[in-house]
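Encoded as structure tokens, the structure appears first; notes follow it.
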Amino acid sequence: MTQLTIRFRDVELERRVREEAQHRDTSLNKAALALIRKGAGMSGPGEGPPTIGKALDRFFGSWSAEEERTVLEAVAELDRTDDPFWQ
């Protein structure tokens with residue numbers, strides 16, 4: 001089994017995971033997994049529409065090279081690791 005550690009620095013996110021666990025009467029781990037699956041568009045039957053899924057598929061391959069470069073430059077900062085967060 002693979003292990004993934006999540007450090008809650010976001011109080012609102014932690015509150016939401018705890019609420020989900022209480023609502024489902026399950027562990028924090030299972031609640032976090034359910035929310036991650038939902039966010040990845042992998043929610044189970046009866047859990048509502050996915051929040052990601054295939055909603056953006058129509059945009060794939062539609063950017064010019066210049067548009068792609070502009071977007072990649074705009075999000076480059078998101079690839080940076082925030083070292084204090086991991087201490």
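The values are calculated or read from the model by the stated rules, or taken from the named source; none is laboratory data. This is a predicted model, so every value here is computed, not measured. As a convention, Cβ positions derive from the backbone with ideal geometry for all residues, glycine included, and neighbour counts pool all protein chains shown. Ligands, DNA and RNA are stripped out before the accessible areas are found, and what is left, the full protein with its side chains, is counted by its heavy atoms. Shrake-Rupley method; radii C 1.70, N 1.55, O 1.52, S 1.80 Å.
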| query | Going by the structure shown, is Thr2 within 14 Å of the chain's Cα centre (by Cα), outside any helix (DSSP H, G or I) and at pLDDT below 85? | reply | no
| Give me the pairs: first residue in segment 3-28 and without any contact (Cβ under 8 Å) to a residue 12 or more places away in the chain, second residue open to solvent by less than 80 Å² (accessible area, probe 1.4 Å) and assigned to a loop (DSSP other than H, G, I, E, B), beta-carbon distance under 8 Å, and six or more apart or on different chains, which are they? | Ala21/Ser27
| query | Can you name the residue in segment 30-87 that is surrounded by 10 or more Cβ atoms within 10 Å (Cβ to Cβ) and of a type in the set (Val, Ile, Thr) and, of all such residues, is modelled with the lowest pLDDT? | reply | Thr51
